[in-house]
Structures are given as C-alpha cells and as structure tokens.
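Scroll down for the structure; my scribbles are underneath it.
The values are calculated or read from the model by the stated rules, or taken from the named source; none is laboratory data. Computed from a predicted structure; not experimentally measured. Here Cβ is always computed from backbone atoms with ideal geometry, including for glycine, and neighbour counts include all displayed protein chains. Remember, those area values only see protein heavy atoms, side chains included, never the ligands or the DNA or RNA. Shrake-Rupley method; radii C 1.70, N 1.55, O 1.52, S 1.80 Å.
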Amino acid sequence: MADSRSQTVSQSQASSAGHQPRKRLWRPFITVLFTMFPVVAAMLVYQLDSFDPAPLPIHELGQAPVVVSLPNDRMLQGAELLGVGELQGPEDIAYDPTANVVYTGCHDGWIKRVRFSDSVVENFVNTHGRPLGLALGHNKEIIVADAYKGLLNISKDGEVELLTDEADGHKFKLTDGVDIADNGMIYFTDASYKYNLNEDIWDILEGKPHGRFMSFDPVTRKTDVLVSHLYFANGVAVSPNQDHAIFCETVMRRCRKYYIKGSKQGGLETFIDDLPGFPDNIKYDGDGHYWIALPSANSVPLDIAFRYPFIRKVMAIAMKYIGRLPTEKDAGVLVVDLEGKPVAHYHDHRLSMITSGMKIGNRVYCGSVRHPHILKLDLAKENLWLSSTITMQ
C-alpha cells in the first residue's frame with residue numbers, strides 16, 4: 001500500500017512538473033495580447049473613423065507670435081463683472097452712446113441691454129436663434145449676425161427682420177461677425193457653410209476653408225461673397241476712413257484687410273498675423289485702435305495639432321468618446337493701431353473664451369460666448385492704458 005501511494009504521488013508530481021512549463025509558455029503570449037489589444041483597437045477606430053482632416057497652409061501660419069511688453073497679464077485683478085447670472089454667454093457688444101447702454105446677444109436667444117447708469121440688465125428681443133456679432137445701425141437698429149438665423153435687422157421697436165441667410169447657393173451655417181459702413185453697407189462673415197455653431201470644433205479640426213466674408217446692400221437687398229475659402233471667418237470692423245474692412249480668420253491666427261473702395265477696391269492684404277492667440281471679434285474704438293478679442297492663447301500642443309492632420313483626427317476621435325478637451329486658456333484682448341502694429345495686450349492665464357472687447361471711455365468691456373457676465377476693466381483706475389515697447393521673437 002505504501003509503495004502504491006508513493007508511486008501515485010511520484011506520478012502526480014511528475015505530471016504537475018510536466019504542466020508547469022506549458023503554463024509559463026502561455027504567460028508571455030497573454031501579456032502581449034493584453035498589451036497589444038488597446039493599440040490594435042485604437043488603430044482600427046482611427047482607420048474606420050470617417051473624419052478626414054486636411055493639411056493647413058503651414059507656410060501661412062507663421063513662426064513665433066508677435067510679443068508685446070505687457071501692461072497687464074493679470075486682467076482679472078481689478079476687473080468687475082456685470083450682469084452676473086443674467087447674461088448667459090454675452091458673445092459680442094454694441095454700444096449706443098445716446099442711451100448709454102450696451103446691447104449683447106446671449107445663448108438663450110435674448111438680446112439684452114445693460115444700462116451703464118446702474119448696471120441693470122433688460123430683455124430687448126429674442127431672435128430664437130443664437131445672436132453672435134452685433135452692430136448699431138444708423139437709425140438705432142441692431143444688426144445681428146445670428147449663428148442659426150442669418151443676418152438680422154432688429155428695429156429700435158424690437159421688430160425682427162431677416163436680411164439674408166444664403167449666398168451663391170450656400171445657406172449660412174454659422175453667421176458670425178458684422179459691422180456697418182457709413183454708407184449703410186453691411187459687412188459680415190459666415191464662419192462656415194458646412195458646420196453650425198454646435199459643430200464649430202469640427203470645422204476647426206477639419207482644417208478646410210468653409211468661411212466667407214460678405215456684404216449685404218440694404219437698398220438692393222443683394223448679398224455678395226467678397227472673399228471665400230477662409231479658415232473660420234470671424235469678427236469684422238470697417239476702418240475709420242471707410243476704404244477697407246478688417247476681418248478675423250481664427251484658425252490662421254490673423255486678421256486680413258479687404259479694400260471696399262478706392263484704387264485698391266477688391267484687394268486683399270494681411271493686416272496682422274502671428275497673433276498670440278486665436279482672434280474672434282474686432283472693434284474699432286474711435287481713438288485710433290482696434291481691439292481684437294483672443295478667446296485662447298496659442299500653445300505648443302495646439303500649434304502642433306494645426307500642423308499635423310493626424311493629430312487633429314486623434315483629437316476629434318477623443319472628443320467623440322470623452323467630450324471636448326479644455327484647451328482654451330490665457331484669453332484677453334490685443335490692441336493694435338491703424339497699421340496693425342501691437343500696442344497693448346490685456347490677458348490672464350485664468351481667463352478663457354473672451355470673444356469681444358470694446359473700449360468705451362477709459363473702460364474696456366469684454367463679452368464671452370461661455371461665461372455668464374460681461375467683464376469691465378477700468379484702465380484709468382488701474383493705470384493700465386500705457387504705451388508699450390514691441391519686440392519680435
């Protein structure tokens with residue numbers, strides 16, 4: 001019996017010893033399988049995803065951005081917030097000096113008035129769309145670039161009229177910036193004829209020029225496309241001498257000048273490029289300066305993404321599964337003179353999505369497509385309106 005048990009134990013040990021090497025052989029294979037599976041899955045998702053970003057004109061993106069000796073890189077210090085909780089995403093601002101109020105368009109479709117005398121916020125009219133760019137007309141009407149509705153005219157009595165919502169066979173998908181010349185001609189942008197406001201990030205990541213700069217003649221009711229193939233066309237400002245209009249091209253970090261009359265009429269030039277951020281609205285202050293809102297500063301990761309389409313595709317896929325990545329930071333406003341030379345830069349690393357900046361008197365009022373207030377900065381009080389020395393790096 002003892003010999004039998006001994007023999008059985010010996011056989012069991014031998015069998016166990018025989019199986020042990022086989023288990024060890026499987027372990028590296030299983031480890032490799034579990035390591036490679038996410039990589040293979042990611043490659044399949046990348047290959048099967050239909051989103052197809054295009055190369056951007058890298059030679060036009062410039063190198064290092066213009067740098068200004070900063071009078072204020074802590075813009076939030078000393079700033080006041082107007083209409084907190086009553087203004088949902090006040091994207092742009094139009095000032096009526098007669099009534100001493102500013103108009104702003106909000107996320108819920110309301111165009112609201114903010115009285116300077118007591119900072120009271122009043123409802124004016126609801127477009128039932130998403131009002132973005134605003135301009136005060138010659139008869140106190142408000143001209144609105146509504147992202148979903150098109151170009152609107154809102155009378156001083158609150159009556160809404162659609163002026164135009166298509167050009168050259170393409171409906172506007174993202175009517176964005178607007179300004180009015182002294183002769184009544186309206187200049188405006190459609191950021192994209194392919195993507196709407198809720199899809200704007202796809203237009204930016206796709207890297208294809210769907211934007212247009214246009215004019216609308218209120219007498220003939222004619223809409224003309226003046227410049228097409230723009231990379232997210234944005235804010236507009238007519239020059240004080242009325243011979244050209246400036247519009248922002250967000251993705252390319254530049255503003256361009258289009259001649260609307262004179263010997264250069266129809267000509268297109270660069271007004272300023274290599275901006276330190278991505279431009280949104282642009283406003284002339286009546287005092288020899290343009291104020292360019294920068295919702296976000298540029299960064300090394302963003303710069304690399306704009307230069308390489310496959311990185312933008314990876315970003316797009318990631319957004320589909322985990323949501324939009326928080327890339328916007330260090331927002332503010334850049335001040336340039338009539339020749340496009342930088343004068344001052346007000347910003348703060350804690351700020352994001354500043355989409356408009358307007359200087360009224362000694363104060364700057366900044367709107368935001370995201371935040372629930374207008375930011376007010378008193379330049380005289382904070383001793384901020386200073387001349388700056390410009391350097392190029």
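Restricting attention to the range 108-125 and to residues that are over 16 Å from ASP92 (Cα atoms) and among the small types (Gly, Ala, Ser), the residue that is least open to solvent (accessible area, probe 1.4 Å) turns out to be SER119.
The set of residues in the range 75-100 that are among the hydrophobic types (A, V, I, L, M, F, W, C), part of a strand (DSSP E or B) and open to solvent by 10 Å² or more (accessible area, probe 1.4 Å) comprises LEU81, LEU82.
Here VAL236 clears all of (1) within 21 Å of ILE143 (Cα to Cα); (2) surrounded by fewer than 24 Cβ atoms within 10 Å (Cβ to Cβ); (3) touching a residue at least 24 places away in the same chain (Cβ under 8 Å); (4) hydrophobic (A, V, I, L, M, F, W, C) except the condition numbered (2).
So, HIS128, is that one under 17 Å from ALA191 (Cβ atoms), open to solvent by 10 Å² or more (accessible area, probe 1.4 Å) and modelled with pLDDT of 95 or more or not? Even if it seems obvious, please write down each step before you answer.
Numbers: under 17 Å from ALA191 (Cβ atoms): no; open to solvent by 10 Å² or more (accessible area, probe 1.4 Å): yes; modelled with pLDDT of 95 or more: yes.
Spelling it out, it is not the case that HIS128 is under 17 Å from ALA191 (Cβ atoms), open to solvent by 10 Å² or more (accessible area, probe 1.4 Å) and modelled with pLDDT of 95 or more.
What do you reckon, is ASP190 of a type outside the set (Val, Ile, Thr), more than 17 Å from ASP280 (Cα to Cα) and either touching a strand residue (DSSP E or B) at 6+ places or on another chain (Cβ under 7 Å) or surrounded by 24 or more Cβ atoms within 10 Å (Cβ to Cβ) (or both)? It is false that ASP190 is of a type outside the set (Val, Ile, Thr), more than 17 Å from ASP280 (Cα to Cα) and either touching a strand residue (DSSP E or B) at 6+ places or on another chain (Cβ under 7 Å) or surrounded by 24 or more Cβ atoms within 10 Å (Cβ to Cβ) (or both).
A search for C-beta distances below 6 Å between a residue of the range 261-284 that is among the charged types (D, E, K, R) and any residue that is assigned to a loop (DSSP other than H, G, I, E, B), counting only pairs 6+ apart in sequence or on different chains, returns LYS261/ASP243; ASP273/GLY62; ASP274/GLY62; ASP274/PRO65; ASP274/VAL66; ASP280/PRO295. Candidates LYS149, LYS156, LYS112: the one that is of a type in the set (Lys, Arg) and modelled with pLDDT under 95 is LYS156. Checked against the criterion of being open to solvent by 20 Å² or more (accessible area, probe 1.4 Å) and among the charged types (D, E, K, R), the candidates ASP280, ASP287, ASP348 yield just one match: ASP287.
How about the range 290-310: which of its residues are closer than 20 Å to LYS341 by Cα, under 16 Å from the mean Cα position of the chain (by Cα) and not in a loop (DSSP other than H, G, I, E, B)? Of everything in the range 290-310, those that are closer than 20 Å to LYS341 by Cα, under 16 Å from the mean Cα position of the chain (by Cα) and not in a loop (DSSP other than H, G, I, E, B) turn out to be TRP291, ILE292, ALA293, LEU294, ALA297. Out of all the residues in the range 216-232, which are open to solvent by less than 10 Å² (accessible area, probe 1.4 Å) and within 22 Å of the chain's Cα centre (by Cα)? The one that is open to solvent by less than 10 Å² (accessible area, probe 1.4 Å) and within 22 Å of the chain's Cα centre (by Cα): LEU230. Contact map, the range 187-199: first residue without any contact (Cβ under 8 Å) to a residue 60 or more places away in the chain and among the small types (Gly, Ala, Ser), second residue in a helix (DSSP H, G or I) and open to solvent by less than 10 Å² (accessible area, probe 1.4 Å), Cβ cut-off under 6 Å, separation 6 or more or different chains; pairs are SER192/ASP203. In the set (1) assigned to a loop (DSSP other than H, G, I, E, B); (2) open to solvent by less than 10 Å² (accessible area, probe 1.4 Å), the condition left unmet by LYS381 is number (2).
Listed here are the residues, each with its yes/no results for (1) within 18 Å of ILE201 (Cα to Cα); (2) part of a helix (DSSP H, G or I); (3) among the basic types (Lys, Arg).
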site	(1), (2), (3)
ARG312	yes, yes, yes
LYS320	yes, yes, yes
PRO326	yes, no, no
LYS329	yes, no, yes
VAL333	no, no, no
SER352	yes, no, no
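Within the range 351-363, the residues that satisfy the criterion of being touching a residue at least 12 places away in the same chain (Cβ under 8 Å), surrounded by fewer than 24 Cβ atoms within 10 Å (Cβ to Cβ) and not hydroxyl-bearing (Ser, Thr, Tyr) are MET353, MET358, LYS359, ILE360, ASN362, ARG363.
Within the range 321-340, being in contact (Cβ under 8 Å) with a residue 60 or more places away in the chain and either within 17 Å of the chain's Cα centre (by Cα) or surrounded by fewer than 18 Cβ atoms within 10 Å (Cβ to Cβ) (or both) holds for ARG324, GLY332, LEU334, LEU338. Whether any residue in the range 340-356 is farther than 21 Å from GLU328 by Cβ, of a type in the set (D, E, K, R) and modelled with pLDDT under 95 is what I want to check. Yes, that holds for at least one residue. Of all positions in the range 153-171, none carries a residue that is buried (at least 20 other Cβ atoms within 10 Å of the Cβ) and charged (D, E, K, R). Scanning the range 292-303 for residues that are surrounded by 24 or more Cβ atoms within 10 Å (Cβ to Cβ) and of a type outside the set (Gly, Ala, Ser) returns ILE292, LEU294, PRO295.
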